[in-house]
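Report on the following structure.
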Amino acid sequence: MKTASLSGSPRENVGKKDADTLRKNGRVPGVLYGGTEQIHFSVDNIALEKVVYTPDAFRFDFEIGGKTYPTIIKDMQFHPVTDKIQHLDMLQLFDDKAVTVELPVRTTGNSIGVRNGGRLAINYRRMMVRGLPNDLPEAIVADITELKIGDAARVRDLNIEGCEILAADNAVVVDVKKTRAAMAAAAAAAEAEK
């Protein structure tokens, strides 16, 4: 996974009024779980948005109160109208403890089916994966080079060493669909052979 640095400030007061005041001052309240105790903090909204609104998944070196914790974002709550981040839950990572994260799905290669007029359909933009923090890759990569029109890459075709994809084995991740242009070209070729 990609690594980023983020720093927060400890929160003395925990409650709705304090959280509203923090949000008005451009900060997002949050809680760090997973260690021996929960740590309440606030983080700058602009710094947080820079790493949240990207297609990448990050592992954070999260500094709070002079101490640094390896973490991931476990959950976020958004405002229903403005879509601003309202609350952040972070999970402390340990080298010997497996975690569940959502990783982006990327494709590699140039599909035979797409070159022949098919359309590439990516059915999952992100997928849940479980594994040890040091085994987690930056993304789930599907090689589409050999896919012809009508072919699909399924979860069972993907291999991430040391990690388990939390989806059904027969779930279609990427497939090449027929297009009208490809069907017309096939019909024209069949007519020409007669």
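Numbers below:
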{"quantity": "Residue match in segment 36-51 (condition: modelled with pLDDT under 95, exposed (fewer than 14 other Cβ atoms within 10 Å of the Cβ) and touching a helix residue (DSSP H, G or I) at 6+ places or on another chain (Cβ under 6 Å))", "calculated": "no"}
{"quantity": "Qualifying residue in segment 119-135 (condition: closer than 30 Å to Ala184 by Cβ and modelled with pLDDT under 90)", "calculated": "no"}
{"quantity": "Residue list for segment 18-29, filter: in contact (Cβ under 8 Å) with a residue 12 or more places away in the chain and not in a loop (DSSP other than H, G, I, E, B)", "calculated": "Ala19, Leu22, Arg23, Arg27, Val28, Pro29"}
{"quantity": "Matching entry among Arg11, Arg59 (being surrounded by 13 or more Cβ atoms within 10 Å (Cβ to Cβ), over 25 Å from Arg130 (Cβ atoms) and basic (Lys, Arg))", "calculated": "Arg11"}
{"quantity": "Filter result for Asp157 (modelled with pLDDT of 90 or more, within 30 Å of Asp95 (Cβ to Cβ), of a type in the set (D, E, K, R) and in contact with a helix residue (DSSP H, G or I) (Cβ under 7 Å, 6 or more places away or on another chain))", "calculated": "no"}
{"quantity": "Pairs with Cβ under 7 Å, 6+ apart, first in segment 87-108 and on the phi > 0 side of the Ramachandran plot and touching a residue at least 24 places away in the same chain (Cβ under 8 Å), second part of a strand (DSSP E or B) and not hydroxyl-bearing (Ser, Thr, Tyr)", "calculated": "none"}
{"quantity": "Any pair with Cβ under 6 angstrom, 6 or more apart, that starts in segment 59-78 at a residue that is in contact (Cβ under 8 Å) with a residue 24 or more places away in the chain and ends at one that is of a type outside the set (D, E, K, R) and open to solvent by 60 Å² or more (accessible area, probe 1.4 Å)", "calculated": "Arg59/Thr3; Asp61/Ser5; Asp61/Thr68; Glu63/Ser7; Gly65/Pro10"}
{"quantity": "Answer from Leu48, Leu6, Leu32 - the residue that is within 29 Å of Asp135 (Cα to Cα), touching a residue at least 24 places away in the same chain (Cβ under 8 Å) and part of a helix (DSSP H, G or I)", "calculated": "Leu48"}
{"quantity": "Residue match in segment 64-83 (condition: under 20 Å from Leu136 (Cα atoms), open to solvent by less than 40 Å² (accessible area, probe 1.4 Å) and modelled with pLDDT under 90)", "calculated": "no"}
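The values are calculated or read from the model by the stated rules, or taken from the named source; none is laboratory data. Computed from a predicted model, the values in this text were never measured in an experiment. FYI the Cβ positions are ideal-geometry reconstructions off the backbone, even for glycines, and counts take in every protein chain you see. Keep in mind that these areas ignore ligands, DNA and RNA; they rest on the heavy atoms of the full protein, side chains included. Shrake-Rupley method; radii C 1.70, N 1.55, O 1.52, S 1.80 Å.
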